[in-house]
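Novice: Below is a structure I'd like to ask you about.
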Amino acid sequence: MAGKMMGEEFGIDMVGTDAAGAELAAVTASANAPWPAAPHELRRLRIRKRESQEKFWSRFGVTQSSGSRFETGVVIPPPVAILLRLYVNGTLNDEDLHG
């Protein structure tokens, strides 16, 4: 499982509500496409927020090392993927995740 690429294991639909989410939604081919459309979209989101891997991924309970792997295509565990989707959709914010 650890060697599978994102999207092979499961897909996550995404509807963007903020600028970063809207940008990612535009890249996603359809509502049923796996989210993110490609691993590099995670990196683009993190860079757009101007955050280090450590800061960005820690809000989801993930180490910098694991976050780096997710950004290169390793499957994101479902609990982390759900939090990530809710964060991008605007359902969860930083205060919710760091609370």
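Novice: Could you give me the ³J(HN,Hα) list for the stretch 87-96, computed from phi with Karplus coefficients 6.51, -1.76, 1.60 and θ = phi - 60°, whole Hz, x at Gly and Pro?
Specialist: Each residue of the stretch 87-96 in turn: 5, 5, 6, x, 5, 10, 10, 4, 5, 5 Hz.
Novice: Roughly what would the spin-label model give for Asn93 and Ala38, points 7 Å off Cα along C-beta, in nm?
Specialist: Distance between label points: 3.3 nm.
Computed from the coordinates by the stated procedures, all read-outs in this text should not be read as laboratory data. Remember, predicted model here, so these are calculated numbers, not experimental data. We place every Cβ from the backbone using ideal geometry, glycine too, and count neighbours over all the protein chains shown.
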